Amino acid sequence: MKQYFRLAKLLKPYRHLLLIAVILVILYSLSNAASIYLSIPLLKTLFTNTPTDISILPAKNFFDSLRQVLDSYIFSGGDKYNSLIKVCILLFSAYLLKNIFAFMQSTLTQYVEKKLVTDIRRRMFHKFNSLSLKYFNQRRSGDIVSRFISDVNAIQNTVYITFTDLIKQPIMIITFLLMAFFISWKLTLISMISVPVSVILIAFLGKKLKKYGIRVQESLGEFTSVISENIYGGKIIRAFSMERFENRRFERKLVDYFRSLMKGAIYSNLNRPLTEVVSVALGVFIIWYAGKEIFSGSSLAPEEFIGFLLIIFQLMAPIKDLGAVVNKMQESHGPANRIFEILDAKPEIFDTEDSVVKQNFESKIEFRDVGFTYDTDDRMILEDIDLKINKNENIAIVGLSGAGKSTMVDLLPRFYDVSKGGIYIDGVNIKNLKLDSLRKMFGIVTQEIILFNDTIRNNIAYGREDIPMEKIIKAAKSANAHDFILETERGYDTEIGERGLRLSGGQKQRIAIARALLKNAPIMILDEATSSLDSESENLIQEAIERLMMNRTSIVIAHRLSTIRNADRIVVIDDGRISVVGTHEELMESKDGIYSKLYEMQFG
Ligand code: ATP
């Protein structure tokens, strides 16, 4: 319930619209009640021979006086045909009004509901773009996607139903109850016996529904993850002939999902029949009791009894819906939890009021006694890193796989924050710099090239629409990408497909280099691709990289011989520590050093 009320709080900006919706609901239920009540004068007109016997007794209460006004309007003149026409006109008007109000109210509530989920999705997206990469390391992408799609959809229904029902049904119930009460308070009280029975039933079913609601969303998240892994890993799956293995994995998740759905459906479907049986048992009892009263000549007129029954039958639907509301509120618990888990996540890396803007990179980058852990198992990935990189220096980082090279460069733009020590640019701790101005200083080409499902031009310009075409072409030319771009179907306007699937590995790298060149940042971080390319492609990329590093400070995780040869200094990382720093020649001289072993391994 707590989560439900948190969801309800998000409706605050729409309180004015909701107030109008409430007024519309009241108007709706009044016209609805009127349309039902009118059946009493209708029956009286059709079946009573003396319709002119309008009550001349003093009205007992407000309801009674309303009835007298209505009766005197309908039955004045004593002409049955005339009365029939009046009842028909009133009936039609009541139904017309009821439907107009119903339409207005449901459109208005749907507007609010759709606005709300749009707000939630927007807030979730902004939130997760503000989260540190650590957040994503601990989660599966399919699971996050399913929170955006299905969890938000699930609460969309909940919000609509709970709003409509929590406000509409109680108003309807109160209106009907008042009417029933005034026709016969005794019968009304008897009818109310069913309420506690229904409440107990509903509470039981609600608990079950909550349990399966959570399970359904969890298993949906799991099977969405398998789908997305199968999309991204399509090549590997086929290469290892793991299609059947993946099919089985998917099958298990799908069956889990199906089972949870089915169990939830059973409890959800039990709701109506159970409450209906309880209500009908009671209805039959009332008919028996009232029939007995009428036979014994009580004050209850037959048409009033029929009117009463109509009202009680009408009352059943909102009571049942109200029961379903409790279930829906329970059902919203799982999805709401998963949504708030994102909305409540605390960004670990953010600007503070004291953060300063830094316009230029002037002299040096320093790692001072840096240590780092990903927190997953408290294992220190980097320790005692002390390194000074001067402006315009070309630094190559080498080391065995898993030594911590990527982690070390990821600390510079604060993809992760150091766990110990500090990183300083021109003597300022990067934690005190505005993130935006810090990240503007870096051009980054990652090993796994990230391209977006957009045109080549937009992938190079990435997010900067004001960049003139000449600059894009210039960057593409420097990256040796211009020629192959022109050969594509629509040149710079060619769509490259999701994650650049329509481009070769070397082409993707050159686009990424063009993107970095266009950003023209003073410090370049480059994680060279380990995959080998043919020598022509290799040369084109080598040239592009050299241009990228020209007149810049560069830190390259090196996998190419030429890169380490051209580097001013090489930093060897071994098991999270800097083992040695020097030029290629210096490091080769220390014959038994780790560098020469690495060199042997990588370049033979
Ligand atoms: P490679 O050359 O293979 O890319 P690397 O030297 O760049 O290796 P890193 O990727 O920095 O090594 O990884 C260093 C260590 O940190 C490894 O033991 C790895 O298992 C661990 N690691 C890397 N990324 C994460 C992560 N997101 N969460 C937890 N541990 C991680």
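The values are calculated or read from the model by the stated rules, or taken from the named source; none is laboratory data. All of these numbers come straight from a predicted model, not from anything done at the bench. Neighbour counts are summed over all protein chains in view; Cβ atoms, including those assigned to glycine, are modelled from backbone coordinates with ideal geometry. Accessible surface is based on the protein model in full, side chains and every heavy atom, while ligands, DNA and RNA are left aside. Shrake-Rupley method; radii C 1.70, N 1.55, O 1.52, S 1.80 Å.
Does residue 295 meet the test of being modelled with pLDDT of 85 or more and either of a type in the set (Val, Ile, Thr) or loosely packed, with under 14 Cβ neighbours inside 10 Å (or both)?
no
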Scan of the range 427-452 for residues that are more than 15 Å from residue 355 (Cα to Cα) and of a type in the set (Asp, Glu), ordered by number: 448
Residue that is open to solvent by 20 Å² or more (accessible area, probe 1.4 Å) and farther than 30 Å from residue 505 by Cβ, where the choices are 215, 244, 140: 215
Candidate set: the range 504-539, residues that are out of contact with any helix residue (DSSP H, G or I) (no Cβ under 7 Å at 6 or more places or on another chain) and within 20 Å of residue 492 (Cβ to Cβ); chosen: the one least open to solvent (accessible area, probe 1.4 Å): 512
Number of the exception - residue 206 against (1) free of Cβ contacts under 8 Å to residues at least 12 places away in the same chain; (2) closer than 28 Å to residue 113 by Cβ; (3) open to solvent by less than 40 Å² (accessible area, probe 1.4 Å): (1)
Inter-residue pairs, beta-carbon under 7 Å, first of a type in the set (Gly, Ala, Ser) and in the range 379-405, second outside any strand (DSSP E or B) and open to solvent by 70 Å² or more (accessible area, probe 1.4 Å), 6+ apart: 403/575
Of residues in the range 563-576 being surrounded by 17 or more Cβ atoms within 10 Å (Cβ to Cβ) and either aromatic (Phe, Trp, Tyr) or assigned to a strand (DSSP E or B) (or both), the one nearest to the ligand (Cβ to nearest atom): 573
Members of the range 523-562 that are touching a Pro at 6+ places or on another chain (Cβ under 8 Å) and within 16 Å of the ligand (Cβ to nearest atom): 525
Selection from the range 110-161 of residues that are in contact (Cβ under 8 Å) with a residue 24 or more places away in the chain, more than 16 Å from the ligand (Cβ to nearest atom), out of contact with any helix residue (DSSP H, G or I) (no Cβ under 6 Å at 6 or more places or on another chain) and among the polar types (S, T, N, Q): 110, 130, 153, 157
Hey, residue 45 modelled with pLDDT under 85 and open to solvent by less than 40 Å² (accessible area, probe 1.4 Å) or not: yes
Filter result for the condition that a residue is out of contact with any Ser or Thr (no Cβ under 6 Å at 6 or more places or on another chain), among the aromatic types (Phe, Trp, Tyr) and farther than 30 Å from residue 301 by Cβ, over 176, 204, 182: 204
Residue list for the range 368-409, restricted to those being within 15 Å of the ligand (Cβ to nearest atom), on the phi > 0 side of the Ramachandran plot and not acidic (Asp, Glu): 399, 402, 404
Whichever residue in the range 4-36 is within 26 Å of residue 211 (Cβ to Cβ) and buried (at least 19 other Cβ atoms within 10 Å of the Cβ) and, among such residues, is modelled with the lowest pLDDT: 4
Matching residues, the range 448-479, being open to solvent by 30 Å² or more (accessible area, probe 1.4 Å), part of a loop (DSSP other than H, G, I, E, B) and over 15 Å from residue 502 (Cα atoms): 448, 462, 463, 464, 465, 466, 468
Number of positions in the range 410-443 that are within 16 Å of the ligand (Cβ to nearest atom), open to solvent by 10 Å² or more (accessible area, probe 1.4 Å) and touching an Asp or Glu at 6+ places or on another chain (Cβ under 9 Å): 4
From 188, 164, residue being assigned to a helix (DSSP H, G or I), among the hydroxyl-bearing types (Ser, Thr, Tyr), modelled with pLDDT under 80 and open to solvent by less than 20 Å² (accessible area, probe 1.4 Å): 164
